[in-house]
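As structure tokens, the structure follows; a few thoughts come after it.
The values are calculated or read from the model by the stated rules, or taken from the named source; none is laboratory data. Since the structure is predicted, the reported quantities are computational estimates derived from the model, not experimental observations. Reconstructed Cβ throughout: ideal geometry from the backbone, glycine too, with neighbour counts over all protein chains shown.
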Amino acid sequence: MSRTSYKFLKGDINPYFVTSTVVDWLPLLVIPEIAKIILNSLSFLQKEKRIIFYAYVIMKTHLHSIASADNISKEMANLRSYTARISIDYFKEHNQQDILQQLSKQKLTHRKDREHQFWQEGVQPKRIHDRKMMHQKILYIHENPVRKGYVEKSEDWVYSSAGLYDGNDGLLNVFMDW
């Protein structure tokens with residue numbers, strides 16, 4: 001399937017399943033400080049009522065979420081831009097030269113406005129058409145850590161909304177009334 005088949009529809013407020021992947025599938029999101037940057041950013045967007053999250057999981061190399069917004073394309077771009085900048089700043093502050101070098105090597109040649117590339121291009125949005133698809137994608141998101149062997153039960157992965165759907169507290173509240 002070509003990349004062009006994955007796009008946000010202009011003016012569409014339906015939820016979308018989106019994936020953001022670290023360049024070269026580097027396992028940077030498992031670093032607690034980087035995961036916290038992601039969570040804080042998701043929380044900020046939600047508190048500012050710029051985006052609604054229905055489910056999420058932060059894996060070692062990527063973030064899956066189901067979200068909706070008045071302009072989901074813009075909000076996802078803002079999220080990715082901000083988290084990339086702050087994460088790269090973190091690596092600079094902590095003199096993580098090996099990581100910075102990898103992020104620099106992965107920078108796309110046409111990107112003249114930056115020294116490093118944190119996220120791969122695109123988020124491959126998939127529009128949620130109905131309740132069945134919403135349920136399917138939420139299950140996929142929540143079972144991802146189990147499939148990867150990180151945990152035995154999805155609700156045990158702390159960087160996920162699975163626990164919330166199971167009635168427990170979580171690091172980021174999500175909108176479950178869909």
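Below is a table of values for the structure above.
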quantity	calculated
Residue count for region 149-163, restricted to those that are farther than 14 Å from residue 63 by Cα and out of contact with any strand residue (DSSP E or B) (no Cβ under 8 Å at 6 or more places or on another chain)	8
So residue 38, is it within 27 Å of residue 90 (Cα to Cα), surrounded by 20 or more Cβ atoms within 10 Å (Cβ to Cβ) and modelled with pLDDT under 95	no
Failed criterion for residue 135 (all others in (1) farther than 16 Å from residue 175 by Cα; (2) free of Cβ contacts under 8 Å to residues at least 40 places away in the same chain hold)	(1)
Selected residue [β-branched (Val, Ile, Thr), on the phi < 0 side of the Ramachandran plot and at pLDDT below 95] from 151, 123, 146	123
